Amino acid sequence: MIRISTKSGMKGEFSYSMKAEIAIQNLTKRYGDKTALKKVSLEVEQGMFGLLGPNGAGKTTLMRVLTTLTKKTEGEVSICGIPVEESKRIRPLIGYLPQEFSMYGNMTAQDALDYLAVLSGLNKEERKKRVPLMLQKVNLYEQRKTKVKAMSGGMKRRLGIAQAIIHNPKVIVVDEPTAGLDPEERVRFRNLLCEIALDRIVILSTHIVGDIEATCENIAVLNEGEILFHGTVMELLKNVEGKVYSAEVAVSELAGIQKEYMVTGILNTGSTASVKIVANGRPFADAKPIQADVEDAYLYLMHGKRGDEVCF
Amino acid sequence: MFLTLFGKECKMMLKSVSYYIFVIVFVWFISSQMDGSLSEMERPKPDQSFYGTTYVQDKQLLMERKLAELTLDIYYGNFSTYPLGFFRNVKINDAEKQQLQKIVEECSGKRFDDVLYGDLADYFTPTESEDMEEVVARTSGCQVKVKESLTYEAFCEKMNQVCDIVGAGSAYEPKKMERGVSVPMSYEQAVEEYQAMTEKDRVTGAFGRLFCDYASVMLAILPVFPAMACVLKEKRNKCSEVIYARQASSIAVVFSRYLACVVMMFLPVLISAIVMQQPYLFHARTLGLSADLFGFVKYVILWLLPEIMAVTAAAFFLGQLTNGIFGIFIQAVWAYGDLMSAATLVGSFGMRLVARWNTVGQTVYFEQLKGQFLMNRGFYAVLSLLFVLSAALLYGKRRGNGGLLYGKVRKA
């Protein structure tokens with residue numbers, strides 16, 4: 001048994017023998033007349049879990065319910081068997097990296113991490129060990145004296161991860177973590193998330209399909225507050241198997257093709273273009289079936305939900 | 001956890017611009033008010049023509065003084081009023097003059113001219129004194145006899161009629177009469193006052209109250225700015241969610257910040273008091289008087305700490321309630337209204353936030369009002385705790401379903 005953040009008593013205590021899982025049953029969240037989440041049900045187990053959906057799908061609301069920042073309207077949500085209403089017991093189990101992570105601008109990376117560690121209940125000895133350790137883990141140790149306001153987006157995001165794991169939580173919730181990062185920074189960040197997901201749940205909420213594809217085995221697709229898909233990446237790809245085609249077309253035909261089919265990729269090569277199309281049947285005679293990727297599967301799912309029949 | 005958080009919040013305040021503005025404005029203001037002179041500390045001599053004034057609660061005398069004041073204002077046709085605290089000279093027309101003269105006649109039972117040239121004949125006699133305080137005391141000491149059947153309540157009713165004619169903010173508002181009436185001191189009273197200042201106040205206590213008077217004016221509004229900056233720093237730095245999702249209870253977060261604000265704002269006030277007490281200590285020693293080393297400090301703790309606590313707590317509450325700087329305007333109105341509603345600059349503490357004592361000494365009078373003063377300060381200390389508790393509740397509500405009392409407040 002590992003105890004964090006408290007010297008004695010039951011407060012803030014959890015056991016690593018406790019199963020890391022999140023159970024969501026018929027979760028509904030309403031803001032006045034608007035329903036942000038509609039009877040969402042999900043089971044999440046240890047490892048990386050991707051939550052994919054367009055902007056406004058309800059991902060952030062779901063993240064906020066899990067992190068106790070928003071009260072649910074209906075349904076049951078539990079983390080490691082503890083109902084989410086018990087925020088006192090839930091908060092030590094959760095690490096949260098919000099969409100726009102920031103801290104007090106005039107604090108250094110080290111001070112910010114130490115301050116948040118205090119708020120997470122870590123005592124002096126624990127902080128003395130964990131703060132430098134976490135800074136090293138996210139490759140910020142050399143910049144520990146850099147002020148938050150002087151940090152780049154990538155550095156801030158890494159500090160965000162460090163603060164989310166400083167108290168060794170069982171569940172880490174990261175909301176749109178790679179938005180605005182350069183490609184190299186994005187790859188480094190994804191690898192970091194995979195690394196820390198080895199012994200806990202990491203929920204990665206994003207609208208960037210590439211992030212999910214590169215990191216998650218299990219995913220859910222959320223749209224307009226409803227779960228459209230819940231399963232593995234392979235299962236999602238299965239939906240679109242044999243429905244992705246590639247064809248060489250004249251550039252002048254592109255507009256018409258885009259109107260008629262779901263085009264998921266265009267590569268211009270002068271007067272012709274190579275297009276990638278998702279369709280239920282072969283769109284034209286010279287179109288060749290190709291291997292689908294997660295983006296194709298995601299778009300297929302989303303268009304299907306919206307009743308976009310043009311390509312099928 | 002609580003003490004560590006408190007320490008970190010104190011450190012954060014030391015990096016806050018609003019805190020340094022608070023310190024600079026306060027120190028500049030207070031040092032411009034206190035001159036370090038001990039001219040008021042001379043022992044009275046039996047042959048002096050004037051020994052200063054003191055306040056007494058004598059309703060008969062008060063009515064007679066007010067009536068004299070009213071008669072002279074009617075005679076000159078000018079009334080000084082302070083609606084909303086700003087000076088306004090009110091000139092009366094003939095009809096209003098007649099109405100006011102009638103009030104004087106009803107109160108005195110005599111014709112207006114008889115009052116003016118009979119009861120107030122001395123006023124029109126030139127004086128040879130060069131002591132300004134004496135001249136002011138003599139002219140403001142004029143009295144007009146009221147008729148025997150006139151009760152104080154009936155007199156107040158008449159003064160309300162005067163206020164209806166000349167407008168709000170005049171000296172005839174009955175609440176302004178609560179201060180009592182200023183009378184010249186006798187030699188014996190002056191000696192008693194001197195002894196109270198040197199023995200009870202031990203010199204520095206008397207000046208400590210004056211320090212608190214000036215400081216309390218500034219501290220009615222100044223702490224709002226660092227406090228509001230502290231409350232809104234999460235929002236300004238866009239880090240609310242990261243902090244809300246932590247384990248620390250709302251009460252630990254809010255109280256540690258509040259305590260840090262109060263302590264950090266009280267420190268420069270306390271240091272200023274200690275520094276500004278030094279000239280008085282030095283002068284007292286040169287005069288051979290025994291001075292109280294804690295004369296300023298004890299008053300600063302009793303007088304100004306509850307005020308800083310209350311103003312800071314109100315800022316915390318309003319900041320949490322509005323999640324914006326709107327609270328500053330509410331508190332500015334509160335401070336201004338409180339200052340302007342003061343019936344007197346000496347005493348009359350009531351439930352006012354700004355406790356005024358704009359005089360050196362008046363130790364005997366202060367001793368009489370001490371109970372009222374302590375009750376006032378106690379009230380603000382309790383009120384501030386209620387405000388902070390409410391702020392913590394609001395903070396907890398903003399954190400989603402976070403409870404108020406969980407988490408270990410005293411965990412290291």
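Nothing in this text is a laboratory measurement; each read-out follows from the coordinates by a stated rule. It should be emphasised that the depicted structure is a prediction, and the values quoted were computed from it without experimental measurement. We place every Cβ from the backbone using ideal geometry, glycine too, and count neighbours over all the protein chains shown.
Below are the figures for this structure:
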| read-out | value |
| --- | --- |
| Volume per residue of the C-alpha convex hull in region A:21-236, rounded to whole Å³ | 116 |
| Dipole axis of chain A (+1 Lys, Arg; -1 Asp, Glu on Cβ), positive-most option in A:His207, A:Val174, A:Pro92 | A:Pro92 |
| Rounded to 10°, Cα long-axis angle of helix A:153-165 versus longest principal axis of chain A | 50 |
| Region A:222-299: relative contact order in percent, alpha carbon pairs under 8 Å with at least 6 residues between | 39 |
| Overall form of the protein assembly as shown per C-alpha gyration tensor (a/c, 1.5; a/b vs b/c) | prolate |
| Pair B:Glu153, A:Ile208: separation of 7 Å Cα→Cβ label points (nm) | 8.0 |
| About the Cα centre, charge dipole magnitude for region B:54-184 (Lys/Arg +1, Asp/Glu -1 at Cβ), debye | 420 |
| Prolate/oblate/rounded label for region B:54-184 (Cα gyration tensor, a/c 1.5) | rounded |
| Folded to 0 to 90 degrees: helix A:183-196 orientation relative to chain A principal axis, Cα | 60 |
| Computed magnitude of the charge dipole of the protein assembly as shown (debye, nearest 20; Cβ of K, R +1, Cβ of D, E -1) | 2820 |
| Entries in A:Lys34/A:Lys243; A:Lys156/B:Lys15; B:Lys102/B:Lys176; A:Lys149/B:Lys11 that, when Cα-Cα distance is taken, lie over 26 Å | A:Lys34/A:Lys243 |
| Label-point separation in nm, A:Asp199 to B:Lys91, each point 7 Å along Cα→Cβ | 8.9 |
| Within region B:145-187: backbone nitrogen closer than 13 Å to the B:Gln99 label point (7 Å, Cα to C-beta) | B:159-168 |
| Sites B:Tyr20 and B:Val382 - FRET efficiency at Förster radius 35 Å, r taken between beta-carbons, to 0.05 | 0.70 |
| CD proxy at 222 nm, helix term only [per DSSP H run n ≥ 4: -39500 (n - 2.57); per residue of chain B; nearest 500] | -19500 deg cm²/dmol |
| Average beta carbon contacts from partner chains per residue of A:115-128, 10 Å cutoff | 5 |
| Cα-centre dipole for chain A with unit charges at Cβ (Lys and Arg positive, Asp and Glu negative), debye to 20 | 1640 |
| Among A:Ala255, A:Ala197, A:Ala247: highest mean-square fluctuation, GNM of chain A, C-alpha pairs under 10 Å | A:Ala255 |
| Value of [θ]222 nm, deg cm²/dmol, for chain A, DSSP H segments ≥ 4, -39500 (n - 2.57) each, nearest 500 | -9000 deg cm²/dmol |
| Protection-proxy order for peptides A:288-294, B:275-281, each taking the mean of Cβ atoms within 10 Å per residue, highest first | B:275-281, A:288-294 |
| Dipole of the protein assembly as shown, positive direction: furthest Cα of A:Asn191, B:Ala392, B:Gln362, with charges on the beta-carbon | A:Asn191 |
| Packing-based exposure ordering (other Cβ within 10 Å, fewest first) of B:Tyr75, B:Tyr19 | B:Tyr75, B:Tyr19 |
| Lysines with Cα under 18 Å of B:Lys370, excluding same-chain neighbours fewer than 8 positions away | B:Lys200, B:Lys298 |
| Förster radius 51 Å - calculated FRET efficiency between A:Ala255 and A:Lys145, Cβ distance, rounded to 0.05 | 0.40 |
| GNM flexibility winner over chain A from A:Ala287, A:Ala117, A:Ala220 (Cα, springs under 10 Å) | A:Ala287 |
| Ranked B:Arg352, B:Arg246, criterion: other C-beta atoms within 10 Å, fewest first | B:Arg352, B:Arg246 |
| At R0 = 56 Å, FRET efficiency that the Cβ-Cβ distance of B:Asn78 and B:Leu3 yields, to 0.05 | 0.35 |
| Nearest-ten-degree value, helix B:152-166 long axis tilted from longest Cα axis of chain B | 80 |
| Cross-link partners of A:Lys29 among lysines (Cα-Cα below 19 Å; sequence separation of 8 or more within a chain) | A:Lys38, A:Lys39, A:Lys59, A:Lys71, A:Lys72, B:Lys397 |
| Ascending count of other beta-carbon atoms within 10 Å, so fewest first, for B:Trp357, B:Trp334, B:Trp28, B:Trp303 | B:Trp28, B:Trp334, B:Trp303, B:Trp357 |
| Contact order relative to length of chain B, as percent, for alpha carbon pairs under 8 angstrom and 6 or more apart | 26 |
| Inter-centroid distance (Cα atoms) of region B:105-121 relative to region A:111-185, Å | 84 |
